Amino acid sequence: MKREGKYERWRNRMLCLANNLSRKLPPVIFLAGFLILIGCGPSKPAHAENEGEAAPCTEPSNPYEQGTGHYAGYEWAEKNGSGDCNASSQSFNEGCEEYESQESDYDECEAKTKR
């Protein structure tokens, strides 16, 4: 009989808990759904404020590690202006050409934004 008493108390507690949850759960679900809808609503992307304006142009930047031939070639081209990337070192030439490529892209971008 003692077992039935424990079982009955456990059953009553579970029924009470279920009853309380059934009263509280629908408003919680409604509130959660409402908040999700608000959070997932249409919104403007950050760049939409500047709609019609071109994205800012990226200035040339040396991507190579200091002390490498690529770095030296890039720095040389930046200081001396683009033109002749024809040294005896392939890595130097590639760094120089990278600067020329970035500078050309930057100039094109600047020209487009001024239109």
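Based on this model, can you work out whether L15 counts as aliphatic (A, V, I, L, M), at pLDDT 60 or above and exposed (fewer than 10 other Cβ atoms within 10 Å of the Cβ)? Judged against the criteria, L15 is not a match. Here H47 meets the list (1) surrounded by 11 or more Cβ atoms within 10 Å (Cβ to Cβ); (2) modelled with pLDDT under 75; (3) not in a loop (DSSP other than H, G, I, E, B); (4) not aromatic (F, W, Y) almost entirely, failing just condition (1).
Only one of the numbered conditions (1) among the aromatic types (F, W, Y); (2) at pLDDT 75 or above; (3) within 39 Å of the chain's Cα centre (by Cα) is not met by F34, and that is (2).
The values are calculated or read from the model by the stated rules, or taken from the named source; none is laboratory data. Because the structure is predicted, anything quoted here is derived from the model rather than measured. Using ideal geometry, Cβ is built from the backbone for each residue, glycine included, and neighbour counts are taken over all protein chains shown.
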